[in-house]
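Undergrad: Please find one structure pasted underneath; my questions will follow.
The values are calculated or read from the model by the stated rules, or taken from the named source; none is laboratory data. This is a predicted model, so every value here is computed, not measured. Don't worry about glycine lacking a Cβ; one is built from the backbone with ideal geometry, like all the others, and counts go over all protein chains shown.
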Amino acid sequence: MNQQLLEQYVAGRLNESEAVAFEEFCLENPEFAKQVELEQLLKSGVVQVARGSTAEFVRSGTETRWMLALAASVILCVIAGTYLWQQSAAVRPHILTAAHNVAKDGPSLRLALVRGADDLPELPRGLVRVEIVGLFETSAQYSVVLDQHNKKNVDTVAALFGQHPSSPMKLEVLLDSEQLESGTYSLHVTRKDSREDPLDFEFVKP
Amino acid sequence: MDFVPGGELSRRIREGDASAETELIRQFEPGLRVLLRRRTGGDVGLLQDLVQETLLIVIQRLRGDGIDDPGKLAAFAAQTARNLAIASLRKAERQKTDVDSEATERNADSSRGVVTLAEDIESALAVRALLRELPQPRDRLMLRRFYLEDHDKETICREMQLSEAAFNQALSRARRRFRQILEERGFTRRDLLGPGP
């Protein structure tokens, strides 16, 4: 049994009788089967990552471009940090807070990346527990920034830093809906010290 | 791991040799995982349940009536696994009718969810780490086209102007590193990471 057959099996390109013979060979050859499973895991990992974001696959190339990208990121971070610091007085307090030890029976909003979804989710009234669904590293820290989309521009209305996900698939924050005007908003979740693209979620405050 | 012919395993299990049952499990489990992984749509909890169920059925059969051709024990185990996967799929299809998906999610077996999540997360995190390490954007694109878009090797080589040797080398490097990352993350359960490719 060779590598080519292994790849064809994992890609689903063997016909039924070939697949049956391949599988029986795997049962009789456990070490080979472990190689096949590793290939299956690699493929499933790639699919999982691509479901969340394609940023990892399209990141730019050469060393020089990396350095330029890094420099640009640093400059942007400094500008963004300065801007956020200057805006902090304008950012209303307690719009966005950490969701530790909060009862889970209140209003909630689940934000997940759903392909092909046309309707934006609606933010309920009250102090809303927002569940952000994605792929998180539980040991990492994340920042959550809330933007309001106006006709001409986008204003940051709240930001929360140093948040830990409550599970590898979920990060939760509290959002005070009563302090928000009606309109369209977006939440951006960024991992600290990471070059990954932020997770972006839009919703509507009716 | 030494291969023990199906006929011999069948005979020993029939005679009540418990160590033969252990050998059968060790021998067939990796292959059953491969077969069922393909048929359980990424539900690792279901995959593990079906592997266990298959092994149980095969062992009970060998303890009892035995099978017609003990030399074809692997074929019998594989067909049992396929039948269980089909039955499970049919059951899931029936349950899809009039189901409150949120309630189902809430009531789902939490232990299965944790296992599923853990393995999905591990492989996804390992791939993320792998992609971060790959020096050439060409390699990332290659992985995407090969594993995600299922393009065949010849097409990828032609369109990316790569020799087959260069493609194989890059792929082999990626596989090796993926395996190392999984090992570094402690992903050694079930003895998955046997001798490398």
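Undergrad: Inspect the range A:128-139 for any residue being of a type in the set (S, T, N, Q) and more than 22 Å from A:GLN48 (Cα to Cα) and give the result as yes or no.
TA: Checked the range A:128-139: no residue is of a type in the set (S, T, N, Q) and more than 22 Å from A:GLN48 (Cα to Cα).
Undergrad: Related question: Hey, among the residues in the range B:1-40 that are over 28 Å from B:LEU89 (Cβ atoms) and surrounded by 22 or more Cβ atoms within 10 Å (Cβ to Cβ), which one's farthest from the other protein chains (Cβ to nearest Cβ)?
TA: B:ILE13
Undergrad: Restricting to helices (runs of 4 or more DSSP H) lying wholly in the range B:6-95: which have 3 or more residues that are of a type outside the set (Asp, Glu), closer than 24 Å to A:PHE32 by Cβ and modelled with pLDDT of 90 or more?
TA: B:18-37, B:44-63
Quick grid of which residues meet (1) farther than 21 Å from A:SER44 by Cα; (2) polar (S, T, N, Q); (3) not assigned by TED's automatic domain parsing to the domain that holds B:VAL127:
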residue: B:LYS153; (1), (2), (3): no, no, no
residue: B:ILE156; (1), (2), (3): no, no, no
residue: B:GLU159; (1), (2), (3): yes, no, no
residue: B:GLU164; (1), (2), (3): yes, no, no
residue: B:ASN168; (1), (2), (3): no, yes, no
residue: B:LEU171; (1), (2), (3): no, no, no
residue: B:ALA174; (1), (2), (3): no, no, no
residue: B:ILE181; (1), (2), (3): no, no, no
residue: B:ARG185; (1), (2), (3): no, no, no
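Undergrad: Identify all residues within the range B:152-171 that are at the interface with another protein chain (Cβ under 9 Å from one of its Cβ atoms) and surrounded by fewer than 18 Cβ atoms within 10 Å (Cβ to Cβ); write none if there are none.
TA: Residues satisfying the conditions are B:ASP152, B:ASN168.
Undergrad: From (1) touching an Asp or Glu at 6+ places or on another chain (Cβ under 8 Å); (2) at pLDDT 90 or above, pick out the condition that doesn't hold for A:SER182.
TA: (1)
Undergrad: Separate question: Would you check if there is a residue in the range A:67-80 being in a helix (DSSP H, G or I), hydroxyl-bearing (Ser, Thr, Tyr) and modelled with pLDDT under 85?
TA: yes
Undergrad: Also, I was wondering about something else. Filter the range A:152-166 down to the residues that are outside any loop (DSSP other than H, G, I, E, B) and within 14 Å of A:ARG129 (Cβ to Cβ) and list them by number.
TA: Answer for the range A:152-166, where residues must be outside any loop (DSSP other than H, G, I, E, B) and within 14 Å of A:ARG129 (Cβ to Cβ): A:LEU160, A:GLN163.
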